[in-house]
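**Q** The structure is given below, and queries will be raised subsequently.
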Amino acid sequence: MNGIAGVIVIAAFMFLGIQVCRAGGSRAVVEREDIREGFSGFVWKYDGGEMPYRIHLPAGYDGKQKFPLVLFLHAAGERGSDNWLHMRNNAVWRNAWTNGPNVKTRDQVIILAPQCPANRQWVNMDWSQCTYDLDRTRISEELKAVYAILEHVIKTRKVDTSRLYITGISMGGYGTWDMLARYHGFFVAAAPVCGGGSVKHADKMASTPLWVFHGDADNVVPVLASRLMVDALRKAKSDVKYTEYPGVGHDSWNNAYTEPDFVSWFLSQVRK
């Protein structure tokens with residue numbers, strides 16, 4: 001490609017609002033799509049295909065002040081490519097961060113919410129099992145894409161990296177545990193909801209502030225999944241918080257994300 005042609009190509013990409021990046025050794029392209037209810041939509045192209053995601057910037061975001069970031073991993077029922085199902089079905093979670101009852105903690109974080117493609121999983125495991133062996137389970141292309149998106153957002157937005165948080169429900173609960181184990185030390189605090197992880201790797205996340213949630217009547221992901229992780233963490237000297245809801249089924253996220261101090265607990269966690 002000669003110099004003139006190269007300039008034309010670069011100009012074309014700038015005109016289309018497309019940024020070309022590198023992630024995990026493969027080319028990734030981020031395209032601007034739309035804004036819905038305060039969440040900007042994008043698409044990340046990676047080795048496994050395309051991953052839609054949404055970003056919310058706080059009302060006070062001015063491109064100068066840094067803000068905490070929370071990553072949300074949705075459940076299996078929100079997989080797809082419309083870049084909205086994972087937002088529509090999780091209004092309780094969105095509301096906790098953007099319009100919670102505590103004025104001091106309301107709309108104080110950058111929110112990142114990727115959408116897992118149909119027929120894919122955040123973690124390549126059998127969900128009927130309460131735990132799995134991380135050493136024998138390859139990281140999914142989807143979680144690698146999530147991490148690449150996260151790195152991109154940190155580079156292109158004013159993110160306070162001393163306050164990087166993660167939470168997820170069901171399939172996303174497994175994804176939360178998996179990311180904590182594979183990228184240990186990256187996240188400052190986490191709240192896995194009705195998911196399970198690799199018990200033998202609990203020590204890798206023992207120093208991370210954790211608040212774990214599960215309903216004891218969950219017939220999709222057995223409550224044993226969280227109990228095993230919490231027990232392993234406590235043996236590793238973690239001060240993990242664990243809230244188990246009596247009589248609550250799989251949708252324990254409705255309880256977790258309406259806990260009065262859920263957001264304030266996160267915001268109080270800062271990397272030392």
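The values are calculated or read from the model by the stated rules, or taken from the named source; none is laboratory data. Here the structure is a predicted model, which means the values were calculated and not measured. All Cβ positions, glycine included, derive from the backbone under ideal geometry; neighbour counts span all protein chains shown.
**Q** What pairs come up if the first residue lies in segment 133-147 and is closer than 16 Å to LEU180 by Cβ, the second is in a loop (DSSP other than H, G, I, E, B) and of a type in the set (Ser, Thr, Tyr), and their beta carbons are under 7 Å apart, counting only those six or more places apart or on different chains?
**A** Matching pairs, first to second residue: ASP133/SER198; LEU134/SER198; TYR147/TYR183.
**Q** Can you tell me which residues in segment 164-196 are of a type in the set (Ser, Thr, Tyr) and in contact with a helix residue (DSSP H, G or I) (Cβ under 9 Å, 6 or more places away or on another chain)?
**A** Hits for segment 164-196 are TYR165, THR167, SER170, TYR174, TYR183.
**Q** Continuing with this model, one more query. Filter segment 242-266 down to the residues that are in a helix (DSSP H, G or I) and among the polar types (S, T, N, Q), then identify the one that is surrounded by the most Cβ atoms within 10 Å (Cβ to Cβ).
**A** Result: ASN255.
**Q** Return yes when LEU180 is buried (at least 20 other Cβ atoms within 10 Å of the Cβ), in contact with a Lys or Arg (Cβ under 8 Å, 6 or more places away or on another chain), among the aliphatic types (A, V, I, L, M) and not in a loop (DSSP other than H, G, I, E, B) and no when it is not.
**A** Judged against the criteria, LEU180 is a match.
**Q** Which condition does ALA118 not pass, out of (1) surrounded by fewer than 18 Cβ atoms within 10 Å (Cβ to Cβ); (2) touching an Asp or Glu at 6+ places or on another chain (Cβ under 7 Å); (3) within 17 Å of SER140 (Cα to Cα), if it passes all the others?
**A** (2)
**Q** Let me ask another. Given ILE110, ILE149, which one is more than 13 Å from LEU73 (Cβ to Cβ) and either of a type outside the set (D, E, K, R) or modelled with pLDDT of 95 or more (or both)?
**A** Matching residue, one of ILE110, ILE149: ILE110.
**Q** Within segment 141-152, is there a residue that is surrounded by fewer than 16 Cβ atoms within 10 Å (Cβ to Cβ), over 20 Å from SER40 (Cβ atoms) and not small (Gly, Ala, Ser)?
**A** There is no residue in segment 141-152 that is surrounded by fewer than 16 Cβ atoms within 10 Å (Cβ to Cβ), over 20 Å from SER40 (Cβ atoms) and not small (Gly, Ala, Ser).
**Q** For segment 192-234, give me each residue that is touching a residue at least 24 places away in the same chain (Cβ under 8 Å) and basic (Lys, Arg).
**A** Residues satisfying the conditions are LYS200, LYS204.
**Q** For segment 34-70, which positions are of a type in the set (Ser, Thr, Tyr) and either surrounded by fewer than 13 Cβ atoms within 10 Å (Cβ to Cβ) or within 15 Å of CYS116 (Cβ to Cβ) (or both)?
**A** TYR46, TYR53
**Q** Which of the residues belonging to segment 155-177 are among the β-branched types (Val, Ile, Thr), under 24 Å from TYR257 (Cβ atoms) and assigned to a helix (DSSP H, G or I)?
**A** Scanning segment 155-177 gives a single hit, THR176.
**Q** When segment 221-233 is examined, which residues are found to be within 23 Å of the chain's Cα centre (by Cα) and assigned to a helix (DSSP H, G or I)?
**A** LEU224, ALA225, SER226, ARG227, LEU228, MET229, VAL230, ALA232, LEU233
**Q** Here is a list of conditions, (1) surrounded by fewer than 18 Cβ atoms within 10 Å (Cβ to Cβ); (2) in contact (Cβ under 8 Å) with a residue 60 or more places away in the chain; (3) more than 13 Å from the chain's Cα centre (by Cα); (4) not in a loop (DSSP other than H, G, I, E, B), and GLN129 meets all of them except one; can you say which number that is?
**A** (4)
**Q** Do the conditions hold for THR161, that is, is it more than 11 Å from the chain's Cα centre (by Cα), closer than 23 Å to PRO52 by Cβ and surrounded by fewer than 18 Cβ atoms within 10 Å (Cβ to Cβ)?
**A** Judged against the criteria, THR161 is not a match.
**Q** Something else about it: How about segment 234-272: which of its residues are hydroxyl-bearing (Ser, Thr, Tyr) and either farther than 22 Å from LEU69 by Cβ or under 17 Å from the mean Cα position of the chain (by Cα) (or both)?
**A** Selection gives SER238, TYR242, THR243, TYR245, SER252, TYR257.
**Q** Quick one: in segment 72-100, which of the residues that are among the aromatic types (Phe, Trp, Tyr) and crowded, with 22+ Cβ neighbours inside 10 Å is farthest from THR176 (Cα to Cα)?
**A** TRP97
**Q** How many of the residues in segment 188-220 are assigned to a loop (DSSP other than H, G, I, E, B) and surrounded by fewer than 17 Cβ atoms within 10 Å (Cβ to Cβ)?
**A** The total comes to 5.
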